[in-house]
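Here's the structure we're looking at; comments come further down.
The values are calculated or read from the model by the stated rules, or taken from the named source; none is laboratory data. The structure presented is a predicted model; accordingly, all values stated were derived computationally and were not measured. Here the Cβ is made from the backbone with ideal geometry for all residues, glycine too, and neighbour counts use every protein chain on show. Accessible surface is based on the protein model in full, side chains and every heavy atom, while ligands, DNA and RNA are left aside. Shrake-Rupley method; radii C 1.70, N 1.55, O 1.52, S 1.80 Å.
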Amino acid sequence: SSSTIVSGFSIMTSSPGNDKKFHFCIDRGGTFTDVHCVLPDGSQVVRKLLSEDPANYPDAPTEGIRRLLEEFGEEGPYTRGNIVKTDEIGSIRMGTTVATNALLERKGSKMA
């Protein structure tokens with residue numbers, strides 16, 4: 001299998017959709033969280049959420065997964081606050097720039 005880098009995501013080009021499952025690549029940034037998903041049919045979608053939106057959801061990556069499963073999944077409904085069934089999920093890859101940016105901007109907590 002080969003892979004391609006797109007906007008910081010490593011996307012497998014050998015069609016992970018062959019297993020008929022959802023494959024998520026998530027980049028959680030300080031302002032936005034991007035959720036890229038290869039759907040069970042092999043097509044791809046991207047959703048962008050605010051990384052912090054406590055009035056609407058407690059965790060952006062979980063909310064992004066929930067929304068895509070709600071929109072495209074067959075085992076729903078996936079209502080907010082309920083446990084997500086994982087048998088439709090093939091993989092979740094997640095990265096974050098939050099810690100890197102804190103280091104670069106020297107905004108992290110002091111360490112000994």
> Which percent of the accessible heavy-atom area of segment 24-100 goes to carbon and sulfur, probe 1.4 angstrom?
Replying inline: 53
> Roughly speaking, what % of Cα-Cα pairs in segment 32-112 are separated by over 22 Å, rounded to a whole number?
Replying inline: 35
> Can you list the aspartates and glutamates whose alpha carbon sits under 20 Å from that of K21, skipping same-chain ones fewer than 8 residues off?
Replying inline: D34, D41, E63, E70, E71, E74, E75, D87, E88
>> What distance in nm separates the two pseudo spin-label positions at D53 and K85, each 7 Å out from Cα along the beta-carbon direction?
In response: 2.5
